[in-house]
Amino acid sequence: MKNSRTKEITLTAILTAIVIVMAAVPNIGFITVNPFVGFTIIHIPILIGAYYGGRKVGGFLGLVFGVSSMIVAFTRPASVFDPIFTNPIVSVLPRFLVGFFAYDVLQMLRKLVRNEYAQNALFFGVMTAIHTLLVV
């Protein structure tokens, strides 16, 4: 049991560092296309964390993602919509919820779809769409 806890802490630490670096370096995690269009790929480490670490790891990483999103909106706004992301209900809450419930979506897909590759593709696709819908 102790080895499992060590793996969880290590996974969380590595993915947290990746999320922070992606958020801190401009145009790595938060990619600005023009003043009206931007997108993010930071949700991918959160989904990986939920996939391998479960609800607790996914929720924590989602919280880190949301807080880093709010900090970026305050410190280096690149879009006309960034002032909206200074509100924690817009920036933190949806990202936390995506990370927290990603494991549940994965478990549901594992029951519905037999092919492991299809499960994984659907998981990442569905969770990306859910993240987009919750944030927008």
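The values are calculated or read from the model by the stated rules, or taken from the named source; none is laboratory data. Small disclaimer: the values here were computed from a predicted structure and weren't measured. With ideal geometry, Cβ positions are generated from the backbone for all residues, glycine too; neighbour counts draw on all protein chains shown. Side chains included, ligands, DNA and RNA excluded: accessible areas come from the protein's heavy atoms. Shrake-Rupley method; radii C 1.70, N 1.55, O 1.52, S 1.80 Å.
Observations, loosely collected:
- Answer residue from segment 28-44, given it is under 18 Å from Ile130 (Cα atoms) and out of contact with any strand residue (DSSP E or B) (no Cβ under 8 Å at 6 or more places or on another chain) and is surrounded by the most Cβ atoms within 10 Å (Cβ to Cβ) among those: His43
- Subset of segment 62-79 (residues that are hydrophobic (A, V, I, L, M, F, W, C), within 21 Å of Asn27 (Cβ to Cβ) and under 9 Å from the mean Cα position of the chain (by Cα)): Val64, Phe65
- Of all residues in segment 1-21, those that are closer than 27 Å to Met70 by Cβ have Cβ atoms under 8 Å from Cβ atoms of residues that are open to solvent by 90 Å² or more (accessible area, probe 1.4 Å) and among the hydrophobic types (A, V, I, L, M, F, W, C), 6 or more apart or on another chain, in Thr12/Phe60; Thr16/Phe60.
- Checked against the criterion of being out of contact with any Phe, Trp or Tyr (no Cβ under 6 Å at 6 or more places or on another chain), farther than 13 Å from Thr16 by Cβ and among the β-branched types (Val, Ile, Thr), the candidates Ile89, Ile31, Ile48 yield just one match: Ile89.
- Selection of segment 31-51 for residues being within 19 Å of Thr10 (Cα to Cα) and aliphatic (A, V, I, L, M) yields Ile42, Ile44, Ile46, Leu47, Ile48, Ala50.
- Residues that are hydrophobic (A, V, I, L, M, F, W, C) and either under 16 Å from Val135 (Cβ atoms) or open to solvent by less than 40 Å² (accessible area, probe 1.4 Å) (or both) within segment 48-67 comprise Ala50, Val57, Leu61, Leu63, Val64, Phe65, Val67, listed in sequence order.
- Here the condition is being at pLDDT below 95 and polar (S, T, N, Q); of Thr32, Thr16, it holds for Thr32 alone.
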